[in-house]
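The values are calculated or read from the model by the stated rules, or taken from the named source; none is laboratory data. Given the structure is predicted, the values throughout are model-derived calculations rather than measurements. Cβ coordinates were reconstructed from backbone atoms using ideal geometry, including for glycine residues, and neighbour counts include every protein chain displayed.
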Amino acid sequence: MTGKTIVILQKTFDLNAVLGTPTPSVTPGDQLPAKVSSFDSISQLVGLVFLLIIILVAAYFTSKFVGGIKLGQLRNSNFKVIDSYRISPNKMIQIVKIGNKFVVIAIGKDTINYVTELDEAEVLIKEIQNGDKQNFKQILDKLRKNNE
């Protein structure tokens with residue numbers, strides 16, 4: 001051999017015994033873990049899917065409940081956003097009705113600035129009519145007619 005050393009271990013030893021950590025001993029009375037049957041796996045899967053459905057239903061009703069409370073607070077509020085105009089991704093101008101006054105505010109990323117106050121005659125209020133609401137099927141039919 002030219003400059004290389006080969007080491008051959010002739011005796012095997014327990015590394016845990018050398019390092020001082022005990023190794024668990026297996027006695028003949030100890031049982032190995034039993035195999036899990038496919039029925040157990042399927043029942044666990046069905047149980048987890050059922051639990052997921054319960055969590056999703058609870059989240060849905062909780063969000064509906066909280067949304068209803070917030071909507072009730074907004075309807076009885078003295079603040080109402082009349083119109084908004086986005087100037088840039090982080091900046092917009094809004095006309096807000098506060099009590100009986102119309103105020104123009106500029107909203108930035110971290111700031112809100114008062115711009116001016118408007119008279120009621122200067123503000124054009126758009127009323128949203130609830131009677132014109134269409135369901136998805138009506139809108140889809142209208143789109144199909146336009147494409148034909």
>> Checking the conditions here, which among K70, K91, K137 is of a type outside the set (A, V, I, L, M, F, W, C), modelled with pLDDT of 90 or more and within 33 Å of the chain's Cα centre (by Cα)?
In response: K91
>> Tell me yes or no: at least one residue of the stretch 99-111 is assigned to a loop (DSSP other than H, G, I, E, B) and of a type in the set (D, E).
In response: yes
> Looking at the stretch 112-130, is at least one residue surrounded by 10 or more Cβ atoms within 10 Å (Cβ to Cβ), of a type outside the set (F, W, Y), under 25 Å from the mean Cα position of the chain (by Cα) and at pLDDT 90 or above?
Replying inline: no
